[in-house]
Amino acid sequence: MEIRETTATDLTEVMLIQREAFGEEDEAILVRNLLNDSSAHPTVSLIAVQEKKAVGHILFTAAQLEGSFNNLVLSLLGPLAVLPGWQNQGVGGKLIREGLALLEQAGTDLVFVLGHPDYYPRHGFQPAGRQGLDAPYPIEEKNADAWMVQALRPDLLGSVCGKVSCADTFKRPEYWRE
Ligand SMILES: CC(C)(COP(=O)(O)OP(=O)(O)OC[C@H]1O[C@@H](n2cnc3c(N)ncnc32)[C@H](O)[C@@H]1OP(=O)(O)O)[C@@H](O)C(=O)NCCC(=O)NCCS
């Protein structure tokens, strides 16, 4: 399986993967809007290609920490999608690992995700709120563990805190409710 960065010509396939994986249009539109949002850049947008077919897509967008630690380089993972027929075969994990490696090379300090709390810890994420790293919008207590962080260099977690500011497209409370 090949993992590669997307280009503008991949947009239709990327949107199809997002639509099929989530069973609705919202994430496909979200991805299109994020890719067109200058405040989301730099992005890392990767597809997994198997026998010339794109089967998975992951997007990371730029973020910042508000306050004293605003010099840190942050990225936000999401959405991540794998075509239903290709799930549970390691595609999602491969996209995450490749994305994190590229972000690390680019000097990223912290990567955040709002997602399944049973899935992302397999790939190095841990709850962020109790580390003093707050989401752009309040996360309901019952979903607190879904807001997660991973440091890409040592000794950061525990020594930095603040609220994450995300791309303009993500600045809608409904994206942070579940
Ligand atoms: C979630 C998703 C991206 C995972 O990708 P994938 O390629 O299927 O996952 P992988 O093959 O890397 O990992 C599979 C493992 O993760 C587990 N897993 C998959 N989805 C999970 C979830 N939502 N919560 C917890 N564990 C999950 C599987 O049970 C499997 O566990 P096992 O290794 O013990 O058998 C994919 O299932 C998907 O596109 N789902 C629909 C869209 C979605 O929910 N996206 C994520 C939003 S946060």
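Tabulated values for the structure
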item: Burial order of peptide ranges 111-121, 71-81 (average beta-carbon count within 10 Å, highest first); result: 71-81, 111-121
item: Quarter of the Cα convex hull surface for region 100-178, i.e. its orientation-mean projected area (nm²); result: 5.4 nm²
item: Helix axis angle, 91-105 relative to the chain longest principal axis, alpha carbon, degrees; result: 50 degrees
item: Whole-percent carbon and sulfur share, accessible surface of the chain, 1.4 Å; result: 47 percent
item: Value of relative contact order over the chain, rounded to a whole percent, pairs C-alpha under 8 Å and six or more apart; result: 22 percent
item: Value at 222 nm in deg cm²/dmol, rounded to 500, when DSSP H runs of n ≥ 4 in the chain each add -39,500 (n - 2.57); result: -6500 deg cm²/dmol
item: Computed FRET value (nearest 0.05) for LYS163 with GLN50, which takes r as the C-beta separation and R₀ as 30 Å; result: 0.15
item: Size of electric dipole in the chain: Cβ of Lys, Arg +1 and of Asp, Glu -1, about Cα centre, debye, nearest 20; result: 260 debye
item: Å² per residue, accessible surface of the chain at 1.4 Å; result: 51 Å²
item: Per DSSP, loop GluC sites (Glu not before Pro) in region 35-125 with at most 10 further Cβ within 10 Å; result: GLU51
item: Spatially proximal aspartates and glutamates relative to LYS171 (Cα-Cα < 18 Å; intrachain offsets below 8 disregarded); result: ASP26, GLU27, ASP37, GLU66, ASP134, GLU140
item: Nearby lysines by direct alpha-carbon distance to LYS53 (threshold 23 angstrom, same-chain neighbours under 8 apart not counted); result: LYS94
item: Cα coordinate range in the chain, projected on the principal axes (Å, largest first); result: 46, 32, 32
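The values are calculated or read from the model by the stated rules, or taken from the named source; none is laboratory data. Small disclaimer: the values here were computed from a predicted structure and weren't measured. Quick reminder, even Gly has a Cβ in these numbers, built from the backbone with ideal geometry, and neighbours come from all protein chains shown. For accessibility, only protein heavy atoms count, side chains too; no ligands or nucleic acids. Shrake-Rupley method; radii C 1.70, N 1.55, O 1.52, S 1.80 Å.
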